[in-house]
Amino acid sequence: CAESLTSNPLKAPSPARFPLTRPRRLRQSAAIRALVRETSLSAGHLIQPLFVAEGAEKGAVASMPGVVRFDLEELVRECTALQALGVGCVALFPVIPQALKNDRGDEALNPEGLVARAIKAVKQACPQLTVMVDVALDPFTTHGHDGVLGADGDVDNDGTVEMLRKQALVNARAGADIVSPSDMMDGRIGQIRDVLERDGQKNTLILSYAAKYASSFYGPFRDAVGSARNLGKADKRTYQMDPANTDEALREVALDIAEGADIVMVKPGMPYLDIVRRVKDTFGVPVAAYQVSGEYAMLRAAIANGWLDERGALMEALLCFRRAGADMILSYYAKQAATWLAE
Ligand code: PBG
């Protein structure tokens, strides 16, 4: 226009011709980016899930390349290495031989069973390492469900809670620092807190899988613990949550906090970060998120094909859990991430 043709280039330009704010100024160097970084990730935020097995059950997990089912000796060695890397906690999951499973999951209550022996071995070798143990019946049942079945074929809530109460106590007595019910029965947190208090286990933490969804992303885990073939075509939708829901997650978390949970978990992870954020904003309690087996398998497969850069994709994913509001993250990549963080 006429005005721009006649304007004097030596005259101070009108501010409107330049951005008033340049967000890129805060990104211009690594040092400045570090000054304004809002979120951090360190090894202490990470929890390493570990599969424990004996005899024929040990070894690689086909659908989770790089993940191994350890025997007790290997488990202790792995935990020692994780402790040296500063990993915050390990979460133990047993692989139970089919011969020890029954329809009630009674082996879960065995004070000399694999889980109890694993807890004792790890706590003896690494007393400072925080040990978390899953409370649920699926590794122990012949039908692969997380509880006992009622006459109608569905998981019987209150009968299952009776079992979980006992299972949590066996694990706490064996030395578990954290018991983590992953079963989604109603009222189990209050019952577990009650039995722990009555037994004098007042320092045992309860990490509740509070908002656990009926997800397709658990497939490789079910392969790892051998519950997939037992579960067959059945699903867990009468107890795990509908992936479509978010208000329901808040109701579940509110109940578990009221019943005595110390930490609440959202699971799976990456597709559910909106839930992590809502839970953190609403309750302000310690929140855990679980980057589950299917997420691991997806990342691993893309990395193996050269489609994703392993370190970049992994560290970004873990950082994003923290940004969404997770205090701690369960990840099969915890050890690898801690190794990178130590560099
Ligand atoms: C079962 C349990 C599951 C996971 C942890 N505990 C699977 C399920 O609910 O069927 C899944 C973990 C993962 O996928 O990494 N109590």
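Read-outs throughout are calculated quantities, based only on the coordinates presented, and are distinct from any laboratory measurement. From a predicted model like this one, the values you see are computed outputs, not experimental measurements. Reconstructed Cβ throughout: ideal geometry from the backbone, glycine too, with neighbour counts over all protein chains shown.
Could you please let me know if Thr238 is more than 11 Å from the ligand (Cβ to nearest atom), under 19 Å from the mean Cα position of the chain (by Cα) and over 22 Å from Tyr296 (Cα atoms)? Answer is no for this residue. Under the condition of being surrounded by fewer than 17 Cβ atoms within 10 Å (Cβ to Cβ) and either within 20 Å of Phe221 (Cα to Cα) or β-branched (Val, Ile, Thr) (or both), the residues counted in the stretch 84-98 number 2.
Scanning the stretch 131-146 for residues that are within 10 Å of the ligand (Cβ to nearest atom) and in a loop (DSSP other than H, G, I, E, B) yields a total of 7. Within the stretch 147-175, the set of residues being farther than 17 Å from Ile189 by Cα, out of contact with any Asp or Glu (no Cβ under 9 Å at 6 or more places or on another chain) and assigned to a loop (DSSP other than H, G, I, E, B) comprises Ala151, Asp152, Gly153, Asp154, Gly175. For residues that are surrounded by 22 or more Cβ atoms within 10 Å (Cβ to Cβ) and outside any helix (DSSP H, G or I), scanning just the stretch 99-121, find the one that is farthest from the ligand (Cβ to nearest atom). So the residue we want is Lys101.
Scanning the stretch 282-300 for residues that are in a helix (DSSP H, G or I) and within 13 Å of the ligand (Cβ to nearest atom) gives Ser293, Gly294, Glu295, Tyr296, Ala297, Met298, Leu299, Arg300. Considered as a group, the residues in the stretch 301-337 that are within 22 Å of Leu82 (Cα to Cα) and of a type in the set (S, T, N, Q) include one that is farthest from the ligand (Cβ to nearest atom), and that residue is Gln336. Just one of Ala43, Ala81, Ala56, Ala34 is surrounded by fewer than 18 Cβ atoms within 10 Å (Cβ to Cβ), among the aliphatic types (A, V, I, L, M) and under 22 Å from Pro127 (Cα atoms); which is it? Within the list Ala43, Ala81, Ala56, Ala34, the selection yields Ala81. I'm trying to understand the selection: among the residues of the stretch 199-228, which are more than 12 Å from Ser182 (Cβ to Cβ) and basic (Lys, Arg)? Of everything in the stretch 199-228, those that are more than 12 Å from Ser182 (Cβ to Cβ) and basic (Lys, Arg) turn out to be Lys202, Arg222.
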